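Okay, so here's the structure we're looking at.
Throughout, read-outs are computed from the coordinates displayed, never taken from laboratory work. From a predicted model like this one, the values you see are computed outputs, not experimental measurements. Cβ: placed from backbone, ideal geometry, glycine included. Neighbour counts: every protein chain shown.
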Amino acid sequence: MREIRWLTWEPFEYADCLACKVLPVCMGGCGYRAMFVNKDRPACGEWKYSLEHYVRARYHREKNLKAEAKLPEMV
Ligand code: SF4
């Protein structure tokens, strides 16, 4: 019975997920955690709390790499 519940689980049954801006990439996280560990609450993870940080860090890294590539060599 738990397996059927797990197989048919989807994040659209949670109001938090329906209102969440990262739902398209997160899709509710781990269904097992949401159902059995968090007792029917979504298992929010890094998508919700770290996505903006990851995107900003990547942007700055790429920007710095491009800036370094344009500098003349100092020898
Ligand atoms: S971050 Fe949390 S609320 Fe948002 S979609 Fe994922 S599990 Fe649902």
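Per-structure values
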item	result
Helix-only [θ]222 nm of the chain, DSSP H runs n ≥ 4, -39500 (n - 2.57) each, per residue, nearest 500	-15000 deg cm²/dmol
Net charge of Cβ neighbours under 15 Å - reference Leu18; Lys, Arg +1; Asp, Glu -1	-1
Ranked packing of 19-30, 2-13, most packed first, by mean Cβ within 10 Å	19-30, 2-13
Angle between the chain longest axis and helix 46-70 axis [Cα atoms, degrees, rounded to 10]	20
